Amino acid sequence: MAFALARAASSRASHWSVKSFHSSSTSLHGVKHVGVLGAGQMGLGIALVAANVSKLPVLLLDTNEAQLNKGMKFMDSLLKKDIAKGRLTEAQAEETRSRVKTTQKMADFSNVDFVIEAVSENPALKANLFRDLAQATPKHAILASNTSSISITKIAAAAKGREEQVIGMHFMNPVPVMKLVEIIPGLATSNDVLRTTKDLAVAMGKTCTVSQDVPGFVANRLLMPYINEAIIAYETGIASKEDIDTTMKLGTNMPMGPLTLADFIGLDTCLAIMKVLHEQLGDTKYRPSVLLNKMVDAGWVGKKSGRGFYVY
């Protein structure tokens, strides 16, 4: 990485770096042990912030051992950079690193209080994972999804008997740097779960906004059509990719151009979100660009693959 429940919702009402500080709200959330599902860039960032900022023990789960090892090496490199820049002492970095454990078995989530799922934007995959999480986690545990576009109510329906404890917790990338967490209660989400999720996000050093459970929520409901329209402008020859990006950077004061931003997000992620918007809202203005589809088919998905609109 959304929004008929307005009354219910209102009543419930550039580079990576690690920042370390203690939040005065840490004692409010009541969470003692966090589980993070998925050791990709988002999951690793969430685990790092939970361990470093809110000082909580974290269990990072990924069925792919190589991905787990890659993620932990990346965490080590981030901590070393912050030591070198004087943001952390070696002792503080070691304390943070010691709080993060890894596993390949969901059964090891039997003692966590709060799980944050951070896998790819695949509705079927998330449904299967939340079905399993409902069985593997303690009955009191809150089950949060980092989805950027998929219905929380639909995800919660897979967690039979635990629907009140499912909520959306949409972090922005890169997690240690970006200040916002977009929180999305589903139709069944309880007020207590919403409150605890807000408190935990604040303890992680984040500012919270609350969105209704509609496709794309707020951030991607606005951002993805903007990126998609930029791709269409390039596809139809309105301007070069460099001129599109420069126009938006210098003409509208955006920190980076839309095509560069798409590369950093991942074109596969952009396409997945646009498909959700198009399918669930049924409006042709959300139709994914033909070029976006072709680039994903080619494997040119942006910075992570070495090639997108630009070569990395």
Quiz prompt | Inter-label distance, nm, simple model (7 Å from Cα along the C-beta direction), residue 122/residue 281 | solution = 2.6 nm
Quiz item: If you average the sequence gap of Cα pairs under 8 Å that are 6 or more apart and divide by the length of the stretch 101-179, what percent do you get for the contact order?
Solution: 30 percent
Quiz item: Whole-Hz Karplus ³J(HN,Hα) for the stretch 74-90, in order, using 6.51 cos²θ - 1.76 cosθ + 1.60 and θ = phi - 60°, x for Gly and Pro?
Solution: 5, 4, 4, 5, 5, 5, 5, 4, 6, 5, 4, 8, x, 7, 9, 8, 4
Quiz item: For the stretch 37-120, what is the accessible area per residue in Å² when the probe is 1.4 Å?
Solution: 45 Å²
Self-check item: Surface accessible to a 1.4 Å probe, residue 97 within the full protein complex, Å²
Solution: 70 Å²
Quiz item: Can you pull the semi-axes for the stretch 67-176, root of five times each eigenvalue of the Cα gyration tensor, sorted largest first, whole Å?
Solution: 30, 16, 12
Exercise. Could you list, in their original order, any pairs among 73/275; 126/275; 55/275; 241/294; 154/285; 73/206 whose Cα atoms are separated by more than 28 Å?
Key: 73/275; 55/275
Self-check item: Amide proton proximity set for residue 308, modelled H, under 5 Å, gap of 5+
Solution: 302
Quiz item: Each residue of the stretch 193-199 in turn: what ³J(HN,Hα) in whole Hz from Karplus with 6.51, -1.76, 1.60 and θ = phi - 60°, glycine and Pro shown as x?
Solution: 5, 4, 5, 4, 5, 4, 4
Self-check item: the stretch 123-273: relative contact order as a whole-number percent, Cα under 8 Å and 6+ apart
Solution: 17 percent
Exercise. Please work out whether the stretch 128-203 counts as rounded, prolate or oblate from its C-alpha gyration tensor, where a ≥ b ≥ c are the square roots of the eigenvalues and a/c under 1.5 means rounded, while otherwise a/b larger than b/c means prolate and anything else oblate?
Key: prolate
Quiz item: Among bridges DSSP assigns within the stretch 149-271, what percent are antiparallel (round to 5)?
Solution: 55 percent
Quiz item: Using modelled backbone amide H atoms (1.01 Å from N, in-plane), which distant-in-sequence or interchain residues come within less than 5 Å of residue 35's amide H?
Solution: 59, 113, 114, 115, 116
Self-check item: Local net charge near residue 131, Cβ-Cβ under 11 Å (Lys/Arg +1, Asp/Glu -1)
Solution: +2
Practice problem: Mind sorting out which of (i) 20.0; (ii) 16.1; (iii) 21.0 is the real mean projected area of the Cα convex hull in nm² computed from the coordinates? | Solution: (ii)
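The values are calculated or read from the model by the stated rules, or taken from the named source; none is laboratory data. Since we're looking at a predicted model, the values are computed, not measured. Methodologically, a virtual Cβ is constructed for each residue, glycine included, from the backbone with ideal geometry; neighbour enumeration extends over all protein chains shown. Side chains are part of the model used for accessible areas, which takes the heavy atoms of the whole protein and leaves out ligands, DNA and RNA. Shrake-Rupley method; radii C 1.70, N 1.55, O 1.52, S 1.80 Å.
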